[in-house]
1. Per q in 0.15, 0.19, 0.21, 0.24 Å⁻¹, report the Debye log10 I(q)/I(0) for segment B:86-152, using one uniform scatterer on each alpha carbon and no solvent.
2. Under 18 Å from a point placed 7 Å out from the Cα of B:K72 along the Cα-to-Cβ direction: which residues of segment A:1-27 have their backbone N that close?
3. Multiply the residue separation of B:H65 and B:N38 by 0.36 nm, subtract the distance between their alpha-carbon atoms, and state the gained length in nm to one decimal.
4. Return the single residue from B:E133, B:E143, B:E196 with maximal mean-square fluctuation; model: Gaussian network over chain B, springs between Cα atoms under 10 Å.
5. How do A:V181, B:V166 line up, fewest other C-beta atoms within 10 Å first?
6. Using the basic label-point model (7 angstrom from Cα toward the beta carbon), what is the A:L195 to A:L246 distance in nanometres?
7. Any chance you could give the angle, 0 to 90 degrees and rounded to 10, that helix A:23-35 forms with the longest Cα principal axis of chain A?
8. Just to verify a number: FRET efficiency for A:I53 and A:T126, C-beta to C-beta distance, R0 = 22 Å, to 0.05?
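Read the figures in this text as sums done on the coordinates, not as results from a lab. Just so it is clear, the model here is predicted, and its values are computed rather than measured. Every residue, glycine as well, gets a Cβ built from its backbone with ideal geometry; the counts of neighbours run over all protein chains shown.
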Amino acid sequence: MMIYFNCAKGIIYKELLRFFKQKSRFFSALVRPLLWLLIFSVGFKSALGLAIIPPYETYITYETYIVPGLVGMILLFNGMQSSLMMIFDREMGSMKILLSSHINRNFLLFCKMLATAIVSTIQAITFLIIAYFYGIEMSLQGYILVIPVVLFSSLVLNAMALFLSSVIKQLENFATVMNFVIFPMFFLSSALYPLWKIKDSSIVIYTISSYNPFTYIVEFIRFTLYSKFDFTNFVIILLLIIFSLLLAFIGYSSKNIFKKSRK
Amino acid sequence: MSALELNNINFKYDEKIVLNDVSFIIPNNTFFVLLGLNGAGKSTVFGLITRLLTLQDGEVFINNHSIKNYQKALKSVGIVFQEPTLDLDLTVRQNLYYYGSLKGLSFNETLNSIKDEIINIGLEEKLDTITKELNGGHRRRVEILRALIAKRKLLLLDEPTVGLDVKSRFDILTYLRKLVETTDLSVLWITHLFDEVVSSDGIAIINNGSIIEDSEVSLLLKKYNKTSVDEVFQYLTKKEIK
């Protein structure tokens, strides 16, 4: 048991060290959502009227609405960045160190995802603190409850990213993934507009958005920030994590990894 | 008891046969060289032993544990890959801690398990140096030191001296041969460089995916009445070595 504890500690330690050494990574992860919050939302605030929908009990500003979506954005882009680093590590060889350990490979990969999730959570909390000083306040209970939810949601996205990294053969293909996976995943969700608003404009986009896993992650974060628990969201995210972990583990089995490294 | 045993390994990438009935044994406490030209199948053998590739046919035993039981088989194995695998942004100490944790050791246990080796390999002054500030030779030493964490019984090194100057290459070889002499360590040294082989080493020569000789170097020289390994290699493979 101690072996597994030491192993998890070491992987998280390394990820945190890298995170604190690469300060530009920290700031660039924050700049993107802050641009949306401080600039993009200013224009939309007056153009977009928001009805009272759960979990909100009163009219809210557009800035307030997009905060959970922007937290999701941090998790999504961080997960993908970690996936990019996995491809880089695989191409450069350092991934081999991890994969040739005598400790169970799936456990090692899980620790790697957890380490990235911890880093993402730190960034998401920093963003929420900045948003608080900008005037978007939640209850203290909401802030506390959202920490495990953000961590858990980040795990889901990291597992999906890990699976993607296992199917991408070369680093150059990552740009394609950005255009065809990450951006659609973000824009075809409830991160920027409520689903009912999307439905008013396009049934097709509404339908796609309602099946997008990222929508459920954003809504889970949104409800938790208002100290509300949505059981359906919780079950869907639980299923998502099981499914995405399974895919990631299959993607990184020896049989599949060797195929990629040789082609 | 053997440190490593490969029995009848066959391996294909798609339809291309890469290894053909590869077998050899590394006895305990031996410096053993797997020698072959580029593309001979050396790195595939290495990938199968380190479980980066999945065994298709045949068996691999490490310290009498089948590689299928990798949690026991790889426990006492240290690995140095051909590509640099250190995290250049971290210090030497942090790199060692990380690798130790992948072996299930705490940070203290990691350093304690190699406290003599840190001095013997000449890295005690470099522990808190950022790895990217080290030269190529020192980085390789860190990788070898890292592979020795947790009292290894078998070291696997895949072309570890590629890109190093002559002095660094032979310093590393001398250090490892001394370790084999003075401890219970065995070494599998994979290389295409003929000058890295000495007469006391064990050797397997691989050519086009097959082992064409497997013996002790001194016995091999006697058997073919040659004075050097490259002469034996040329005689066996009919290949010109420039």
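1. Once normalised to I(0) and log-transformed, intensities are -0.38, -0.62, -0.76, -1.01.
2. Of the residues in segment A:1-27, A:1 have backbone N under 18 Å from the label point off B:K72.
3. 6.8 nm is the gain from fully extending B:H65 to B:N38.
4. Result for chain B, Cα springs under 10 Å: B:E133 fluctuates most.
5. B:V166, A:V181
6. About 2.3 nm separates the two model spin labels.
7. 30
8. The computed FRET efficiency comes out at 0.20.
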